[in-house]
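The values are calculated or read from the model by the stated rules, or taken from the named source; none is laboratory data. Because the structure is a prediction, the values reported are computed rather than measured. Every residue, glycine among them, receives a Cβ derived from its backbone with ideal geometry; neighbour counts consider all protein chains shown. We work out accessible area using only protein heavy atoms, side chains counted, and drop any ligands, DNA or RNA first. Shrake-Rupley method; radii C 1.70, N 1.55, O 1.52, S 1.80 Å.
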Amino acid sequence: MTQPAGHLLVECLVAQGVTHAFGVPGESYLAVLDGFHRYREEVRFVVNRQEGGAAFMAEAHGKLGGRPGVCFVTRGPGATNASIGVHTAFQDSTPMVLFVGDVASDQRDREAFQEVDFNSFFGPSTKGMAKRVERIDEPDRIPEYVARAFATAMNGRPGPVVVVLPEDMLTRPTPARPLARVDPVEAWSDPGSLRTLRELLLAAKQPFMIAGGGGWTPQAAQALQRFAENWKLPVGNAFRFQDTFDNHHALYAGDVGIGINPKLAERVRQSDLILAIGPRLGEMTTGGYTLLTPPKARQKLVHIHASAEELNRVYQADLAINATMNAAARSLEVLTAPTEVPWTAWTEAAHADYEANLVPQALPGDVDMPAIVAALQKHLPEDAVLTNGAGNFASWVHRFFRYHGLAKGMKTQLAPTVGAMGYGVPAGIAASIVSGRTAFTIAGDGDFLMNGQELATASQYGAKSIIVLLNNGMYGTIRMHQEREYPANVYGTELANPDFVGLARAYGYAGVRVAKTAEFEPQLVAALERKEGTLIEVMLDPEVITTRATLSAIRKAASKA
C-alpha cells in the first residue's frame, strides 16, 4: 500500500508525538497540507500570519515541552522570514525542526523562482543558525530523515534542524512506514569527575551555582534543587532561564543577566567556585564577559554542559563535565555533602540581597511598574506562562516577578536569550494553544508591532493571551543607549504609534487603556475572567526607562562624562 510522500511526512510527525505544527501555507508543500488534512484528528496545523511569528511559536512550543517545535514554510521569502525563529532556537538551545518547501528537483540550481541554497543560508557554517540542514530527495527515506531531525534537535545541546522538501518529491507515492519515536540520549558524568567536583566543593569558601540552558525537565530541576539543599548552595538563574530554579526558594539569589542586581554581580565576582550547570556562559549571563573573564576566570569553574563542543570553548574550566541536565542533576543530588558547610552565612546573605532587590526605587510618573508586577504576582496562577520579547520593558518582570520553578512541574518562562524583538506575542499565543494554561505577555510598543498580527491567529484558534503593552513612544532600549553614548541627540528612536486598543479589538481581542496604577488591577482581573484575549495598554512615562534610573538621569550622567 502506498501513499503520497506528503502524507507519509505528516504520519512520521504523528509518530514522533507532534500534536501541533505552525506555519504559513505555500504551494511548494501543498501535498503536506493535504497530509495534515488526512491526519487532522491527530495533529493540528496552526496557520500563522507571518513566517517569523510561526517560527517563534514553534520555538516557544519546543521550549515549553522539551521536544522539537515544528514549523512549515515555503521557499525563499518564507524561509528567510522564518530564520529569526531558527536563530532564536540556536542561541536559546531549543529543539525545533523547520520544514521548508522547495523548488522542484528538475529546476534546482537554476535560480528558480524563490530558490535559495538553504545549506549556505541555515547551515552549521553560519555558527548561529541550524545544527543541521538536510534535503529529502527520495520519498522512501522520509522516515529516516524525520527521525534523524528529531534526534539531532534534542541530543547534546538542543537546537534547530532544517529539512528541505522538494515540491515534486512530496507528490510521489511511497510504501515506506514511519519509524518509532526517538527520545533524547542521556550523557552521564563519569565517577572521577564527580569525585573531583566534590573535592572542589569541600575546598571552597564562597561557592555559587548558575543554572540554566536548554534540556531541563521537571525531574532534573527537582534533582538540582535537592543538590543545592544538600550543600546549602546559593543559586542564580542564567539570563532568561529564570524558572530553572524556583525564585521562591530560600537558596535563590537572583537572575544573572541584563540589569543584574549590583550586589549579585559583586557576589559572582567574589565567589571562589562557580558551578555552571547548563548555561553556555554567554555574553548576557556573564555581564559582557566581565563577571567571569575569559579564557581563564579568576574563580575556579566547574562547567557542566550537554555539548562537548561547548566545554572549554570560551572558558577554560577547572573541571568540564559533558552531561545532559537530567543525568547531571541526578548525579549531583547523590553527591554526599558534609553535615556542615562554611558558607551558610554567604548563602543567607545572597538570598537577603535578592529579597532587598525586590524593593523598588522611587520613579516618576502615574504608573508604578513594581506595583503592576505585584498585581501580576497576586493574580496569575502558579502555572501561568510568562512571555516577553526584547526591550527594557522586560526588565520589570525580570527583576520583580518571582517565577515558579520548573521543579514544581512545568515551565513558566518563555523569553529569548537571543534578544529577538517580537517574540513574546506569538510565544504567549502558542502557549495558550498547546497547553491551555494562562498565558501572559509583557511587550513594549515597538516590540508588539513586530508580530502583533498574530492576534488574528489567536482569535482564529480560540487562544487567549493577556498582553500588557507598555507604551512610551520609543524604542526604549536603544534610546537608553543613545542617551549614554550621545546625550540629547535623539534620532531614529521615537515612535508614532497606532491606537493599540482599537487594533486589538479589530483582531478580536478586548482592548483597554490604563494611565494610572490603580486602574490596572481591576483590568487584569477582568482579563483573567473573560473568554477572549485582552490587550492592556499601559501609558508609561518615557522618563521611566529602567527599573533603577530615569532617562534624564542617564543623560545628565553622560553629559558630565
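Condition (residue is surrounded by fewer than 21 Cβ atoms within 10 Å (Cβ to Cβ), of a type in the set (A, V, I, L, M, F, W, C), out of contact with any Phe, Trp or Tyr (no Cβ under 6 Å at 6 or more places or on another chain) and not in a helix (DSSP H, G or I)) applied to the stretch 421-443: is it met by at least one residue? Yes - at least one qualifying residue is present in the stretch 421-443. Of the residues making up the stretch 472-486, those that are open to solvent by less than 20 Å² (accessible area, probe 1.4 Å) and touching a helix residue (DSSP H, G or I) at 6+ places or on another chain (Cβ under 7 Å) are GLY476, MET480, GLU483.
Under the condition of being buried (at least 17 other Cβ atoms within 10 Å of the Cβ) and either in contact with a strand residue (DSSP E or B) (Cβ under 9 Å, 6 or more places away or on another chain) or not in a loop (DSSP other than H, G, I, E, B) (or both), the residues counted in the stretch 177-198 number 5. Number of residues in the stretch 239-273 that are among the hydrophobic types (A, V, I, L, M, F, W, C) and under 19 Å from THR547 (Cα atoms): the value is 7. Whenever a residue of the stretch 202-221 is closer than 13 Å to LEU275 by Cβ, its partners that are part of a helix (DSSP H, G or I) and of a type outside the set (Ser, Thr, Tyr), lying with C-beta atoms within less than 7 angstrom and at least six residues away or across chains, give the pairs GLN206/GLN270; GLN206/TRP346; PRO207/LEU201; PHE208/ARG267; PHE208/VAL268; MET209/ALA228; ALA211/LEU224.
Filtering the stretch 124-175 to residues that are modelled with pLDDT under 95, over 20 Å from GLY213 (Cβ atoms) and open to solvent by 60 Å² or more (accessible area, probe 1.4 Å) leaves only SER125. Restricting the stretch 332-351 to residues that are open to solvent by less than 50 Å² (accessible area, probe 1.4 Å) and not in a loop (DSSP other than H, G, I, E, B), the residue that is farthest from HIS248 (Cα to Cα) is LEU332. Just one of the listed residues (VAL73, VAL97, VAL86, VAL103) is closer than 26 Å to SER459 by Cβ and of a type in the set (Val, Ile, Thr), namely VAL73. Of the residues making up the stretch 92-115, those that are assigned to a loop (DSSP other than H, G, I, E, B) and surrounded by fewer than 19 Cβ atoms within 10 Å (Cβ to Cβ) are ALA104, ARG108, ASP109, ARG110, GLU111, ALA112, PHE113, GLN114, GLU115. Kindly indicate whether any position in the stretch 320-331 is within 26 Å of GLY214 (Cβ to Cβ), part of a loop (DSSP other than H, G, I, E, B) and open to solvent by 50 Å² or more (accessible area, probe 1.4 Å). Within the stretch 320-331, not a single residue is within 26 Å of GLY214 (Cβ to Cβ), part of a loop (DSSP other than H, G, I, E, B) and open to solvent by 50 Å² or more (accessible area, probe 1.4 Å).
Residue by residue, here is whether (1) closer than 27 Å to GLY428 by Cβ; (2) surrounded by 23 or more Cβ atoms within 10 Å (Cβ to Cβ); (3) in contact (Cβ under 8 Å) with a residue 60 or more places away in the chain holds:
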| site | (1), (2), (3) |
| --- | --- |
| PRO4 | no, no, yes |
| GLU11 | no, no, yes |
| ALA15 | no, no, yes |
| ASP34 | no, no, no |
| GLU42 | yes, no, no |
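Among the residues of the stretch 291-315, the ones that are within 27 Å of PRO342 (Cβ to Cβ) and surrounded by fewer than 17 Cβ atoms within 10 Å (Cβ to Cβ) come to 3 in all.
All of GLN523, GLN460 fail the test of being open to solvent by 10 Å² or more (accessible area, probe 1.4 Å), in contact (Cβ under 8 Å) with a residue 12 or more places away in the chain and under 25 Å from ALA82 (Cβ atoms), apart from GLN460. Restricting the stretch 487-496 to residues that are free of Cβ contacts under 8 Å to residues at least 60 places away in the same chain and open to solvent by 50 Å² or more (accessible area, probe 1.4 Å), the residue that is farthest from VAL538 (Cα to Cα) is ASN489.
Table: residues versus (1) touching a strand residue (DSSP E or B) at 6+ places or on another chain (Cβ under 9 Å); (2) at pLDDT below 95; (3) under 26 Å from PRO68 (Cβ atoms).
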position	(1), (2), (3)
GLY452	yes, no, no
ALA458	yes, no, yes
ASN471	yes, no, no
ASP499	yes, no, no
THR517	no, no, no
LEU524	yes, no, no
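Sort through TYR403, TYR354 and tell me the only one that's assigned to a loop (DSSP other than H, G, I, E, B), aromatic (Phe, Trp, Tyr), touching a strand residue (DSSP E or B) at 6+ places or on another chain (Cβ under 7 Å) and open to solvent by less than 30 Å² (accessible area, probe 1.4 Å). Answer to the selection: TYR403.
Restricting ALA60, ALA21 to those that are of a type in the set (A, V, I, L, M), closer than 17 Å to VAL434 by Cβ and either part of a strand (DSSP E or B) or open to solvent by 50 Å² or more (accessible area, probe 1.4 Å) (or both) reduces the list to ALA21.
Residue-wise test of (1) open to solvent by 10 Å² or more (accessible area, probe 1.4 Å); (2) closer than 23 Å to GLU348 by Cβ.
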position: GLN206; (1), (2): yes, yes
position: ALA228; (1), (2): no, yes
position: GLY236; (1), (2): no, yes
position: PHE245; (1), (2): no, yes
position: THR286; (1), (2): no, no
position: TYR289; (1), (2): yes, no
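Quick check, is THR217 farther than 27 Å from THR88 by Cα, of a type in the set (Val, Ile, Thr) and surrounded by fewer than 20 Cβ atoms within 10 Å (Cβ to Cβ)? No: the conditions fail for THR217.
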